[in-house]
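Below you'll find the structure, written out as structure tokens, and then a few comments.
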Amino acid sequence: AKTLLDVRNLSVHYKIQGGWVYAVDDVSFKLEKGETMGLVGESGCGKTTTGYGITQLLASNAYYKEGSKVIFDGKDFVQMSTVPSKEYKEYRKIVEYHPEMRKYRWKRISMIFQGAMNAFNPVFKVGDQIIEAIKAHEDVTDEEARKRVERLYKLVGIPVDRIDNYPHEYSGGMKQRAMIAMALALNPDLIIADEPTTALDVVTQDRILGEMARLQKREKVAMILITHDVSVVAEMAHKMAVMYAGHLVETGTTRQVFKETAHPYMEALLAAFPNIKKEKKERLKAIPGSPPDLSNPPKGCRFAPRCPYAKDICLEEEPPVIEVAPGHYSKCHFAEELYGELGGGESNE
Ligand code: SF4
């Protein structure tokens, strides 16, 4: 009953000239109140579409496949604010500016975008922009809103006198903190953070991630942390969802996925980050080959062309999702055989 978000069979496809891009296919996961989930995978694997698909902040050529469900606090967003597509059977189209959806966005679910550097309007003071966001959603006075921004600035570690500065007077790290303050301003139940620190140097990254982890605990807000960098989530996330080529390939607690890895793709990701504490950049190149073209995904297992364990069946049949341990799932024909045999992450404790 504590389930905050229940994503079921989510499929989001983009209509392109001459076909479709199958960006997200049949993705299911649950998030409890106050829980943090890491959603990881290489760029182009569908993790951003999954994250933004929750709040329907998607490009206009995005469609939900019929049967997709995004149940937040008991309400199915897909049913609520999409309609059957007239042109494409089996698909639903987003209703733009759906009033109820807009209320959920920011008020109940807020987002920290990739490249939050440019999220603030350069001609207004940063603090005023956060104050305006609060006032747009809540019936509070200027003074109350300002008090809240002061509290948030202290929380994220920005000197309070910076409230009256303009965006160009902030450093990159400070803008990122201000974005986090903005995300927390309306006391959301869920924050979706897409590569929140990727653009920053490693030291600032660590500091901000540490702060986000503390805030997440203190404010008891649930979080989906989308990143290509598994080391980012290792310490912060309670659970993990690993995506490859539009599919969730492994899900479980962070410990299960890191230490008792059950999918060859996760093994490869971990091998690409041999020491998750050091040198975080650009190690993914170590996985040989490249992800498939999602407008024409391979039949069978989408990881098969790069998988060292692939057998004939992998090229023919899509693998089922297998529960290898309680709450630990792998989408692999050989999940049971490989479970316990794959190299997991280095100890991080
Ligand atoms: Fe590798 Fe086959 Fe498992 Fe896919 S189904 S991950 S190709 S072993």
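Here are the numbers:
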item	result
Where a residue in region 285-307 is farther than 12 Å from G246 by Cα and touching a residue at least 60 places away in the same chain (Cβ under 8 Å) and its partner, wherever it lies, is of a type outside the set (F, W, Y) and outside any loop (DSSP other than H, G, I, E, B), with Cβ under 7 Å and at least six apart	I287/A268; I287/A272; I287/R306
Those residues of region 3-40 which are at positive phi and of a type in the set (D, E), in sequence order	D26
Per-region count, region 153-180, residues at pLDDT 90 or above, of a type outside the set (V, I, T), farther than 15 Å from P122 by Cβ and buried (at least 20 other Cβ atoms within 10 Å of the Cβ)	1
All positions within region 49-85 that are of a type in the set (V, I, T), farther than 16 Å from N9 by Cβ and in a strand (DSSP E or B)	V83
Matching residues, region 50-77, being surrounded by 22 or more Cβ atoms within 10 Å (Cβ to Cβ) and without any contact (Cβ under 8 Å) to a residue 40 or more places away in the chain	F77
Count of residues meeting criterion [touching an Asp or Glu at 6+ places or on another chain (Cβ under 7 Å) and not charged (D, E, K, R)] in region 46-80	5
Candidate set: region 170-222, residues that are of a type in the set (S, T, N, Q) and touching a residue at least 60 places away in the same chain (Cβ under 8 Å); chosen: the one farthest from Y52 (Cα to Cα)	Q205
Residue that is surrounded by the fewest Cβ atoms within 10 Å (Cβ to Cβ), among those in region 86-124 that are outside any strand (DSSP E or B) and among the hydroxyl-bearing types (S, T, Y)	Y97
Residue list for region 152-211, restricted to those being among the acidic types (D, E) and either closer than 26 Å to R108 by Cα or outside any helix (DSSP H, G or I) (or both)	D189, D194, E195, D201, E211
Count - residues of region 318-341 that are touching a Leu at 6+ places or on another chain (Cβ under 9 Å) and within 10 Å of the ligand (Cβ to nearest atom)	3
Flag if A286 is of a type in the set (A, V, I, L, M), within 16 Å of the ligand (Cβ to nearest atom) and at pLDDT below 85	no
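The values are calculated or read from the model by the stated rules, or taken from the named source; none is laboratory data. Values in this document were obtained by computation on a predicted structure and should not be read as measured data. Using ideal geometry, Cβ is built from the backbone for each residue, glycine included, and neighbour counts are taken over all protein chains shown.
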